[in-house]
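Notes follow the structure.
The values are calculated or read from the model by the stated rules, or taken from the named source; none is laboratory data. Remember, predicted model here, so these are calculated numbers, not experimental data. Cβ placement follows ideal geometry from the backbone for every residue including glycine, while neighbour counts extend to all protein chains displayed. Surface accessibility is based on the protein's heavy atoms, side chains included, excluding ligands, DNA and RNA. Shrake-Rupley method; radii C 1.70, N 1.55, O 1.52, S 1.80 Å.
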Amino acid sequence: MDKKVALQDKKVSRRSLVKTAGLGAAAVATGIASPVSLAATKKVNMGFIYVGPRDDFGYNQAHFEGKSGVAGLNWVKAFDEEKVPESIEVEKTMESMIQLDGASILFPTSFGYFDPHILKLAPKYPQVTFLHCGGLWDSTKHPTNVGSYFGYIDEAVYLSGIVAGHMSKTGKLGYIAAIPIPQVLRNINAFTLGAQSVNPDITTNVVFTGGWALPVKEAEAANSMVDQGIDVLTCHVDSPKVVIETAEKRGIYSCGYHTDNSPLAPKGFLTGAEWNWSSVYAMYAEKIAKEEPIPNLVRGGLAEGIVKATPYGPAVTDAAKSEADAVKAKLMEGGFAIFKGPIKDNKGNVVIPEGKSHGQTDIWLESMDWLVEGVIG
Amino acid sequence: MLKTLEAFAVTLVAIIISLVLISIFIWASGNSFIEVYQTIYKGAFGTWFSWQNTLVRAAPLMLTALCTAIPARVGLVVIGGEGAVVMGGLFAAITGISLNGMSPGFVLFAMLFTGALSAGLWILGVGALQYYRGVNETISSLLLNYIAIAILNFLVVGFMRDPATLNKPSTHHIGDANMMGVIGESSIHYGLVLGILLCIALWFVTSRTTFGFSMKITGGNPRTAKLAGLNVGKIILVSCFIGGACAGIAGVVEVAAVHGRANSSLNAGYGYAGILVAFLARHNPMAIILFAISLGGIQASGGLMQRRHDLPDASVLVMQGIIFVVILASEVFYGRLKIPNLFQSQKTAQENAA
Amino acid sequence: MSETDIGVWGVLIAVLGGAIRVGTPFLFVSLGECLTEKSGRVNLGLEGNLVMGAMSAYAISYYTGSPWLGVLGAGCSGLILGLIHGLLCQNPKVNHIAVGIALMIFGTGLAFFLGKPFIQPTAPHLPAVSLGFWSDSPVLRAALEINALFFVGLALVPAIYFMLKNTKWGLMIRVVGESADAARALGYRIQLIRLLTTMAGGFLAAIGGAYLSLYYPGSWNEGLSSGQGLMAVALVIFARWNPIYCLYASLLFGAAAALGPALQAVGISWGYYLFNAAPYFLTLMIMIMTSSAKQNLAGMPGEFTR
């Protein structure tokens, strides 16, 4: 009974969307939330789901900031839920958002939400669009009301690597990561390759803490690394706060991740890799407003504005800045490949032969299970 | 009969007190408690969807609660449900993957069997250590939780990993044919049926059989039980095995009905929530059904509370904590409530019968 | 060759430094639990005290600018949780373990709920004492950068030991823990003594939390504690209800937790998940080896026997 009512409700909201489309599009296209009153028409209901607390100074906060960006649009009603486990809970949260809040677009932002949870629900709610952060959508396998978006953050990490390579005196960099998954390995490799483009002898030590939020272990790892003579530290865990602060305390350089980490280390902060989800969410909102079809796969890096590099900290030398800026310009232009042969892994096998290069969009990079030569760990 | 009535009355009083305390808490956070209660009702039981949401969350809690409740009947405080869920899920996945291709009914049965067996033995170990070596069962079961989780992570990130699972390291899939289905048109999987059936069966065993009676004597005083000629060791071990097996089945259900694989999501806190349910139900398997559904309801409405009232996720924890504390405090009322005259005659009848 | 030598020394120094850095919260929770258990009560809810203490300390330090006031405020929050625990346990029908779990849920929930506004801001930290001034090696200096709370804990160890062993108060606590009947015969107020030790234990555990948020790792967030409070009960068994052994056990647990990251930092990375579980496994093994069905553990308060 209730279900049927809810479904009809949705159709109405979609239809009324057409009427508001013109107005909304004008507002978004200029990038300013228009104060035009649309109170008479229905709003687009967007639901955001995070796996951790929305103020973790990291991944979830980056999404929350993105959500806050679109929530300002006066024809969008955005709501969210934090700390939703990658289990049947997320299925129920999505259904609850659809059934009880009339969500027509869902943004489940954690990787593990996709298979099987989104894939299970999407056929059941064909009128709802599921946009998953993770870049997994495959037209041959997955429903059409599902889409994926993801950013090539390794581009920004590569730039961090260049700066780190310039600034390191010992030639030893440190990377504190949660677990060895392709996304993490790709960032570690990009960081190392960036640094090695400055000085081929540079090595990166990696510590896997075994979990996404283990502050004490992260601090311990950071301290051990400093003791080993590492002088630039970066990380890939849910919240970079502990690592960056510990690096600052020990007087070494650090590169941020996820969000703008520069306030955490006023002296030693070099640069960092940040998400810019609000640009993605605004893009989707604009498409919806214009009644344009929503693309199933949205990926991009620096050029598309999905990721960005944090402004340089005070310690960064001009030489480092100019080289990183030059590479950044090339990355923005396109055609610059981070993963370009010859690349050996740290066990001595050739993984990318001479003359072959893998561009950012190459799906092969997304199942990375190797670390480049020079990575210790 | 009267005991049940008294338990009902005391629990009711406790729930009313906790509702008052929660109201104050909500009011202090700047919300209208009437509206929040409406939201909780809507999110937990307000629609058919909400009911499904609640019941699906209740299913694993029933099974993990038994892992604390059954050993508690023989006097052991076991808090190892989390580890037992992980073990059950892990072995279910191993079984499912290796038998994939055989008849689905058989595979599912085999998964239930190995999952229950492995988790049963896991908790049986806790009982054995307690009985033969005097190792405190609460601490050993707590430590075993961490060890089970470490084993799971080690295997899932290591050599049991399906490389296709990319950024969410998991084992291989058990095969779509082997998945446990849902009940009719609903989105509730058969884990709920297993949970309810096991609760009823174990209620029968604990309250209506000789074995249940000997469990009670052992729980009362092991020395008396020994004097009475009971095989105390066997009773303790069997109880622990049953408890562990139930939690293991919760793990099997997670793998066979939800994920299709074993991964770190097995360690989702069901074991710890189950402890809460067991104590709220005073280790009565029948009452576990009710309390699991109530707790499932609170959890199901948690999301709606976040969205409608901007209450953080932790509000659910605070509410659970308040209810738990008040229900424990309400033990004071037992034997002190004036039961109305209406039941007085029943009381004497009951005593005469006994 | 020389490079590996530095690596090995680095691991050693990191583990030694880590023993103190990671071990300090363990020290406080185990001392607190030890005190409570000596009087015949078990408080499994110290995790709640720890998390609540971490949050309160950070919030108070942020508002007042004084981290020591934060530590005191944390202690008071622990005192209150201890009071609730102590009062609930006065009813003989109420299970101590259940009360502990209930307060753990309540304490962490309340801390997360109230702590939301304090995740972003930075609060003043506790000071550290540099004992490495004599050394030229920055590595050694960093390892010998010892937080002030550790010294507080270090001073508490002999103080509690002496108090339990040689004072009238200590005797009362021990008698109450050893045999309620004997205590009753002596006219001691059993419930009051147990209530006070539970409150004192709660106070100390919350200071362990203050250490986490105000010194190391030094910020407040919901993932701050990884079960340090839950481990208190195991630590006390490990330490045989002896405050001095509590110190050793805490340092050992701290070192064990520091070993994994330190080894990975020099490139030894096999099986870090299993490394993470090593302290738990070790505790279990020691419990199995030192327990016996025939006799109680040496030092265990007699009230724990069934």
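What to note about this one:
- Dipole check for the protein assembly as shown: with +1 at the C-beta of Lys and Arg, -1 at the C-beta of Asp and Glu, and the Cα centre as origin, the magnitude is about 3040 Debye.
- nm² value of the averaged projected area, convex hull over the Cα atoms of chain C: 17.7 nm²
- Evaluated at q = 0.07, 0.12 Å⁻¹, a Debye calculation over the C-alpha positions of chain A (equal weights, vacuum) places log10 I(q)/I(0) at -0.33, -0.91.
- If R0 is taken as 35 Å, the Cβ-Cβ distance between B:T4 and B:K234 corresponds to a FRET efficiency of 0.75.
- Near A:T234, the amide H atoms lying under 5 Å from its own belong to A:G174, A:Y175, A:I176, A:C255; only residues 5 or more places off or on other chains count, and H is placed 1.01 Å from N.
- Computed from point charges on the beta carbon alone (+1 for Lys and Arg, -1 for Asp and Glu), the dipole magnitude for the stretch B:51-312 about its Cα centre is near 680 Debye.
- Residues in the stretch C:256-269 carry Karplus couplings, in order, of 4, 6, 7, 5, x, x, 5, 5, 5, 5, 9, x, 9, 10 Hz; the curve used is 6.51 cos²θ - 1.76 cosθ + 1.60 with θ = phi - 60°, and Gly or Pro positions show x.
- Comparing C:V11, C:V22, C:V152 in a Gaussian network model of chain C where C-alpha atoms under 10 Å apart are linked, the largest mean-square fluctuation is found at C:V152.
- Within the shell of other residues whose beta carbon sits under 13 angstrom from the beta carbon of A:T271, the net charge comes to -2, with Lys and Arg scored +1 and Asp and Glu -1.
- Label-zone membership for the stretch C:185-229, site C:Q90, 7 angstrom Cα→C-beta point, backbone N under 16 Å: C:188-200
- For the protein assembly as shown, the share of DSSP beta bridges that are antiparallel, to the nearest 5, is 25%.
- Dipole of the protein assembly as shown, positive end: most advanced residue of A:N45, C:M289, B:V238 [Cβ charges, Cα centre]: B:V238
- Sequence of B:M319, C:M289 when ordered by accessible area, the most exposed leading, probe 1.4 angstrom: C:M289, B:M319
- Cα gyration tensor, the protein assembly as shown - rounded (a/c under 1.5), prolate or oblate: oblate
- 10 °C / 1.306 mPa s Stokes-Einstein diffusion coefficient of the stretch B:51-312, Kirkwood radius on C-alpha pairs, µm²/s: 86 µm²/s
- Among B:L108, B:G297, B:G335 - extreme Cα towards positive end, dipole of chain B, charges at beta-carbon: B:G335
- Percent of alpha-carbon pairs separated by more than 23 Å within the stretch B:60-196: 42 percent
- Ordered by solvent-accessible area of protein heavy atoms (1.4 Å probe), largest first, the residues B:R73, B:R308 come out as B:R308, B:R73.
- Computed over protein heavy atoms with a 1.4 Å probe, the accessible surface of the protein assembly as shown works out to 37 Å² per residue.
- In nm, spacing of pseudo-spin labels at B:S207 and C:A185 (7 Å Cα→C-beta vector): 4.2 nm
- In the stretch A:75-120 the Cα-Cα distances spread across 10 Å bins starting at 0 as 26, 59, 14, 1 percent of all pairs.
- Prolate/oblate/rounded call for the stretch C:219-266, Cα gyration tensor, a/c under 1.5 rounded: oblate
- Modelled FRET efficiency - R0 30 Å, A:S322 with A:K356, Cβ distances, 0.05 increments: 0.55
- Global geometry of the stretch C:1-126, whether rounded, prolate or oblate, following the gyration tensor of its Cα atoms and the 1.5 cut on a/c: oblate
- Peptide ranges A:133-140, A:186-193 listed from the most packed, as the mean C-beta count within 10 angstrom indicates: A:186-193, A:133-140
- Dipole magnitude (debye, nearest 20) for the stretch A:208-267, charges at Cβ of Lys, Arg, Asp, Glu: 80 debye
- Simple spin-label estimate for C:L154 and A:E304 gives 5.6 nm between the two label positions (7 Å along the Cα-to-Cβ direction from each Cα).
- Placing a label point 7 Å from the Cα of C:S66 along the Cα-to-Cβ line, the residues of the stretch C:193-225 whose backbone N sits under 19 Å from it are C:207, C:210-211, C:214-215.
- Here the calculated FRET efficiency for A:A315 and A:K287, from their Cβ-Cβ distance with R0 = 51 Å, stands at 0.80, rounded to the nearest 0.05.
- Separation of the stretch A:255-296 from the stretch C:95-124 is 32 Å, based on Cα centroids.
- Mean residue ellipticity (222 nm) of the protein assembly as shown, computed from DSSP H runs ≥ 4 via -39,500 (n - 2.57), nearest 500: -19500 deg cm²/dmol
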